[in-house]
Amino acid sequence: MKYTRAKVLKKTYAGYQVFLNNKEVPFFPFLFLDKDNIKNTRINKRDKSLKIEQLKEFKLLNFKDLNLDSFAIVPEKWKAIDIIMIGDFLIHGTAKENIKIEPSAIKSVKYIPHNKIHTLNLCGHYHGNVLEIEIK
């Protein structure tokens, strides 16, 4: 099976265990991989497992450890981020601490201050700051 995040998410929600380079991924929706670094993806319907193998194994960054200075986002703004949008996935609250991302999967990062959030039509009454990450 060709790797697509949507297909893997569908299997995850159907009760499949996901393994990345033979290590179990406890909650796949918080893991973001570079699709160009996937060697193969295999599904075993008998034991309900999905195995993803990378071409090169990179250390996955915990999102809280990501250096946002390289994206010109100062630490004060990083602490004030309420919602993280990665693709079509919204993450907020303590769930932000569970995000793991392959650095090469990041296409762009955009900080959206609370005074410009209404241009996204995300929520008419929302007043927090958003970090939008586009992945490959």
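First compute the accessible area of the stretch 1-70 with a 1.4 Å probe, then give the percent of it belonging to carbon and sulfur atoms. It would help to have the intermediate numbers written out before the result.
Numbers: 2270 of 4590 Å².
Percent of accessible area from carbon and sulfur atoms in the stretch 1-70: 49.
Can you give me the distance in nm between label points at E53 and N115, each placed 7 Å from the Cα along the Cα-to-Cβ direction?
5.4 nm
If the cut-off is 21 Å between C-alpha atoms, which lysines fall inside it for K51, apart from same-chain ones fewer than 8 positions away?
Hits, sequence-local ones excluded: K2, K7, K10, K11, K23, K35, K39, K59, K100, K136.
Top to bottom by accessible area (1.4 Å), largest first, where do H114, H92 land? Present the calculation step by step, with values, prior to reporting the outcome.
Numbers: H114 95, H92 120 Å².
The ordering from most to least exposed comes out as H92, H114.
How much accessible area does M85 have with a 1.4 Å probe, in Å² rounded to the nearest 10?
30 Å²
The values are calculated or read from the model by the stated rules, or taken from the named source; none is laboratory data. On a predicted model such as this, the values are computed, not experimentally measured, just so you know. Positions of Cβ are generated from backbone atoms using ideal geometry, with glycine treated the same way; all protein chains shown enter the neighbour counts. Heavy atoms of the whole protein, side chains included, go into the accessibility calculation; ligands, DNA and RNA do not. Shrake-Rupley method; radii C 1.70, N 1.55, O 1.52, S 1.80 Å.
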